[in-house]
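Here the structure is laid out as structure tokens; the discussion comes afterwards.
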Amino acid sequence: MLVVMHAHATEEQVRAVCERIESLGYKALPVPGAGRTAVCITGNKSVVDVGSLESMSGVAECIPVSKPYKLVSRDVKEENTVVRIPTPLGDVAFGDTTLAIVGGPCAIETREQAFAVAKGVKAAGARLFRGGAYKPRTSPYSFQGLGEPGLQILAAVRDEFGLGIVTEAIDNESLDLVEKYADVIQIGARNMQNFSLLKRAGRSKKPVLLKRGMSATLDEFLMAAEYVMSEGNYNVILCERGVRTFSDFTRNTLDLSIIPAVQKRSHLPIVVDPSHGTGKRHKVLPLSRAAVAVGADGLLVEVHHDPDRALSDGMQSILPEEFAQLIVEAREIAAVLHRTVN
Ligand code: PEP
Ligand code: MN
């Protein structure tokens with residue numbers, strides 16, 4: 001159930017509605033919008049009796065929400081959510097008319113490696129740097145990431161180059177550290193339905209970049225975002241990174257058609273990861289072009305200065321020069337959609 005307030009409703013009126021909802025034994029989650037505030041009712045096990053709410057002052061209408069997700073839904077908030085990441089080089093926005101580009105290696109390997117890639121990423125014009133200190137690997141014998149020393153290298157990258165940091169947390173313990181060092185907490189495909197991790201990320205003050213699980217449906221993806229938001233963190237960026245299909249010429253099948261589908265249902269920004277989405281270096285540029293054309297709010301790209309010697313995902317990592325070219329082309333395609341590259 002959604003209680004839609006009048007555009008001119010006062011803060012006290014919103015508060016009174018929330019108190020009434022809580023007194024009925026439910027949870028009230030106010031979602032302020034540009035034009036009006038909506039209050040989401042959750043925790044109801046049966047149909048909410050709206051009688052007493054509809055007549056309260058400041059209330060425009062009560063709408064039953066039939067979809068399983070509420071806070072992520074456009075029914076609750078019509079206009080796009082813009083997630084702003086402050087960096088020493090200026091704010092990067094996800095979800096406005098600019099495109100946010102994130103570049104960096106799959107994993108942080110050494111300080112020299114991270115600095116070499118960061119130099120190229122910055123020179124290409126990006127303001128956000130990615131790189132895993134905790135790597136969820138298929139094999140326990142593969143490189144698992146440097147852990148906290150890797151986060152310290154990322155912090156040094158921010159200090160040296162002014163780039164904002166996006167890095168993955170794989171469990172509650174690593175999330176405690178990631179939120180200390182990073183600007184954006186990445187939740188990976190393998191953890192998209194790790195509900196305790198999603199709730200922990202929802203209690204963080206840092207924005208969350210949530211990747212689609214490799215076999216997640218659209219509803220499952222949006223419900224994962226709902227988990228984060230239901231704990232109070234509304235700064236969620238979705239990321240399409242390919243799903244598993246019968247296609248055997250790519251690592252994953254990049255499902256670009258989910259972009260307009262998400263944008264129809266949700267106000268949250270969504271970006272595309274063409275690196276994991278294809279698994280092949282030569283496909284990263286063409287799929288990046290397509291992602292921009294389809295309306296993605298940004299790109300998350302794996303970049304390595306020596307990809308053949310990378311400790312993970314070298315096959316899908318592009319060189320810094322190729323990343324620079326990717327941004328040039330993304331900018332040209334974005335212009336057709338009246339968008340610019342941040
Ligand atoms: C990554 O971004 O390096 C990563 C592990 O991605 P995903 O969770 O999409 O596989
Ligand atoms: Mn990777």
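Taken along its three principal axes, the alpha carbon spread of segment 83-341 comes to 43, 41, 40 Å, from the longest extent down to the shortest. Maximal additional length on extending the H282-S257 stretch stands at 6.9 nm, based on 0.36 nm per residue less the C-alpha distance. If R0 equals 25 Å, the separation of the Cβ atoms of H8 and D49 corresponds to a calculated FRET efficiency of about 0.45. For the pair T250 and E61, a Förster radius of 51 Å applied to the C-beta separation gives a FRET efficiency near 0.60, rounded to the nearest 0.05.
Summarising the amide proton neighbourhood of H267: residues at separation of 5 or more, or on other chains, whose placed amide H is nearer than 5 Å comprise R74.
Here the label points at L89 and K119, each 7 Å from Cα along the C-beta direction, are separated by 1.5 nm in the simple model.
With a Förster radius of 25 Å applied to the beta-carbon distance between A156 and D308, the computed FRET efficiency rounds to 0.50.
Remark on S312: its backbone amide H falls under 5 Å from those of A107, a criterion applied only to residues 5 or more positions apart or on other chains, H modelled at 1.01 Å from N.
Working from Cα pairs under 8 Å separated by at least six residues, relative contact order for the chain is 17 percent.
On the chain, 53 percent of the accessible area sits on carbon and sulfur atoms, based on a 1.4 Å probe. Taken along the Cα-to-beta-carbon direction at a fixed 7 Å, the label points for D219 and E329 span 3.7 nm. Here's how it looks for V341: its modeled amide H is under 5 Å from those of L99, which are all 5 or more places away or on a different chain. Just so you know, the Rg over Rh for segment 2-63 is 0.92, from Cα atoms, with Rh as the Kirkwood radius. One quarter of the surface of the convex hull around the alpha-carbon atoms of segment 96-185 equals 6.3 nm², the direction-averaged projected area.
Using a 1.4 angstrom probe with every protein chain in place, what is the largest-first accessible-area order of H338, H267? Kindly include the intermediate steps, with their values, before the conclusion.
Values: H338 160, H267 5 Å².
From most exposed to least exposed: H338, H267.
Other residues whose C-beta falls under 9 angstrom from the C-beta of F94 contribute a net charge of -1, scoring Lys and Arg +1 and Asp and Glu -1.
Stretch A290-T138 to full length: gain in nm at 0.36 nm per residue minus the Cα-Cα span?
51.8 nm
The heavy atoms of L24 offer some 80 square angstrom of accessible surface to a 1.4 angstrom probe. Ranked by the mean number of other Cβ atoms within 10 Å per residue, highest first, peptides 185-192, 320-327 order as 185-192, 320-327.
Please sort 199-210, 33-44 by packing, taking for each peptide the average over its residues of neighbouring beta carbons within 10 angstrom, highest first.
Ranked by mean Cβ neighbours within 10 Å, highest first: 199-210, 33-44.
Ellipticity at 222 nm from helices only: DSSP H runs of n ≥ 4 in the chain, each -39500 (n - 2.57), divided by the residue count, give -10500 deg cm²/dmol.
For the chain, the share of DSSP beta bridges that are antiparallel, to the nearest 5, is 40%. Extension gain for the segment T110 to S23, taken as residue separation times 0.36 nm less the Cα-Cα distance, is 25.9 nm to one decimal.
In loop segments of segment 1-80 as defined by DSSP, the GluC sites (Glu not before Pro) with at most 16 further C-beta atoms inside 10 Å of their C-beta are E78, E79.
The values are calculated or read from the model by the stated rules, or taken from the named source; none is laboratory data. What you see is a predicted model; the values in this text were computed from it and never measured. FYI the Cβ positions are ideal-geometry reconstructions off the backbone, even for glycines, and counts take in every protein chain you see. Just so you know, the surface numbers come from the protein's heavy atoms only, side chains and all, with ligands and any DNA or RNA stripped out. Shrake-Rupley method; radii C 1.70, N 1.55, O 1.52, S 1.80 Å.
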